[in-house]
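> Okay, here's the structure, questions in a sec.
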Amino acid sequence: MPRLGDVLGSFDPKQRFFSWVCRIGVNEALNLLKRRHRSVVLAFEPPTRRPDPEQRAAGAEVGLKIQEALDALTPDYRLVVVLRHFQGLSYQEIAEIAEVPVKTVKSRLFSARLCLRDLLLREGLLQ
């Protein structure tokens, strides 16, 4: 594990502090996942009305299939999807966190969405 002084010394004041800190978090999360060989479960927003038990079961099944589809994506694709659609970050913020150009973020999002669509079509969640 790097020393605090080494990590703090890597901050470039020309860059945004948020992006730098977020990148550290992303790197640490990816390292942890590699060590554990596990996937991360994303929290989905609950519906505003209380569904009946049948609707809850169906919703849980859909959520599980979406989680499995996200887990099937490459880490690069999953990162941009989660940051864009679950965290609501801009393309520029994602580019800074992923340390890639904005065009690469857009390209990865496009490809990731195509992969997700195909996976969800196979699961019967899309028509």
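> Would you mind calculating the gained length between T74 and E99 on full extension (0.36 nm times residue separation, minus the Cα-Cα distance), in nm to one decimal?
This chain segment gains 7.4 nm when fully extended.
> Taking R0 as 30 Å, what FRET efficiency do you get between V62 and K106 from their Cβ-Cβ distance, rounded to the nearest 0.05?
0.65
> Note down the net charge around Q127, summing +1 for each Lys or Arg and -1 for each Asp or Glu among other residues with Cβ under 14 Å from its Cβ.
0
> May I pose another question? In terms of modelled amide H atoms, which long-range or inter-chain residues lie less than 5 Å from the amide H of L89?
Residues meeting the amide H criterion: R84.
> Using packing as a proxy for protection, rank 114-127, 96-109 so that the peptide with the highest average count of other Cβ atoms within 10 Å comes first.
96-109, 114-127
A short reminder: the numbers here are calculations on the coordinates, not readings from a lab. It should be emphasised that the depicted structure is a prediction, and the values quoted were computed from it without experimental measurement. Neighbour counts run over all protein chains shown; Cβ positions are idealised from the backbone, glycine included.
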